[in-house]
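Colleague: The structure is given below, and queries will be raised subsequently.
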Amino acid sequence: MIAYYFAYCYLCKNLLFQFLIIKIIKNSITMKKVKLISFGLLLAMGLATVVFNSCGDDPVLVTGISLDKATHTLAINEDFKLTATLTPSGATDKTVIWTSDKEAIAKVDNTGKVTSVAEGTAKITAKAGTETATCEVTVKGVRINGVVWATRNVGAAGAFAGKPEEVGSYYQWNRKKAWASTGTTVTGWDSNSAGGTVWEKANDPSPTGWRVPTKEEIEKLVDADKVTIEKKTENGVNGRKFTDKVTGNSIFLPAAGYRTAAAGSLTQVGTYGRYWGSTQYDATNAYVLRFTETIDVGITNFSRSTGLSVRPVADN
């Protein structure tokens, strides 16, 4: 039995407890009392057990944490995975706690999987021990048939309209000047067609990170095999709803009407929807997405001098 206690002490290499255990056992034997010997042995066992349990290696603490992405942008209803790396790699407790400061925009599960919910910016934080790392997540637009579309029309140059059903502003092709969506007539209208074969970046009124869609991107939006198109009224505004048949993602385009090429007169609000593409048709016309009260959605061409709506796509 005594050898057992010395084994404990040897493993722990604690000279103080070796001394205490020896003292207790010697005193117990000298007094020649069975009860005291039993008590001494029990006390020795208890002391040895405490020392044995406390003499293991000290835990290796986390001194740093990093993420594989500092920023990330994705569309609504999409997800991606963040990976955390701990320093040192041999840390005893490798638990990582994930949180989002705006779960209404982007949420994260306990594996680092981030799922977008609505447009905006959220900060994802990974915490291990007392160390933290963050990733700024930007959620913008809706992916429909492989193209990320804005949820609102362009309002003033460089800005979006306030709501999906708002008309925003009108623009002539390859020009950045915004024309109001109210008032039958305007002054200063230029009826001449702008030059160029594509809508130039310097003249694009879309907000930063967005641009006027190409003809091919419009074709994807009106592809009836992959997108459901239906008449819809949002908050009293007529228009069309486009829904991806696979994901269920959708956008609404209001029937914004347009301003005529000759004088910029406002017409057909609530019945016509015409949205610019960045691709020219010929020297005086460009491709547009078109729908009316009686005509289904499709692609046609329109005079470059006409004032139409712009619904941009993400500039990847």
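Colleague: Condition first: touching a helix residue (DSSP H, G or I) at 6+ places or on another chain (Cβ under 9 Å) and in a loop (DSSP other than H, G, I, E, B). Now tell me which residues in region 135-172 satisfy that.
Modeller: Within region 135-172, Asn145, Gly146 qualify.
Colleague: Which residue out of Ile251, Ile229 is closer than 24 Å to Ala180 by Cα, of a type in the set (Val, Ile, Thr) and under 30 Å from the mean Cα position of the chain (by Cα)? Don't jump to the end; show me each part of the working.
Modeller: On the way: Ile229 fails: closer than 24 Å to Ala180 by Cα.
Unique residue meeting the criteria: Ile251.
Table: residues versus (1) under 28 Å from the mean Cα position of the chain (by Cα); (2) within 20 Å of Val147 (Cα to Cα); (3) small (Gly, Ala, Ser).
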position: Pro205; (1), (2), (3): yes, yes, no
position: Lys245; (1), (2), (3): yes, yes, no
position: Tyr258; (1), (2), (3): no, no, no
position: Thr279; (1), (2), (3): no, yes, no
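Colleague: With the requirement that a residue be surrounded by 21 or more Cβ atoms within 10 Å (Cβ to Cβ), in contact with a Gly (Cβ under 9 Å, 6 or more places away or on another chain) and not hydrophobic (A, V, I, L, M, F, W, C), what does region 247-279 give you?
Modeller: The answer is Pro254, Tyr258, Arg259, Gly264, Gly273, Arg274.
For every residue, the table says whether it meets (1) touching a Pro at 6+ places or on another chain (Cβ under 6 Å); (2) in contact (Cβ under 8 Å) with a residue 12 or more places away in the chain.
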position	(1), (2)
Glu230	no, yes
Thr233	no, no
Gly239	yes, yes
Thr243	no, yes
Ser250	no, yes
Tyr258	no, yes
Ala263	no, yes
Thr267	no, no
Tyr275	no, yes
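Colleague: Tell me, which residue of region 76-102 that is out of contact with any Ser or Thr (no Cβ under 7 Å at 6 or more places or on another chain) and under 22 Å from Val148 (Cβ atoms) is surrounded by the fewest Cβ atoms within 10 Å (Cβ to Cβ)?
Modeller: Checked region 76-102; the qualifying residue surrounded by the fewest Cβ atoms within 10 Å (Cβ to Cβ) is Lys81.
No value in this document is a laboratory result; all are computed from the given coordinates. No experiment lies behind these values; they were computed from the predicted model shown. Every residue, glycine among them, receives a Cβ derived from its backbone with ideal geometry; neighbour counts consider all protein chains shown.
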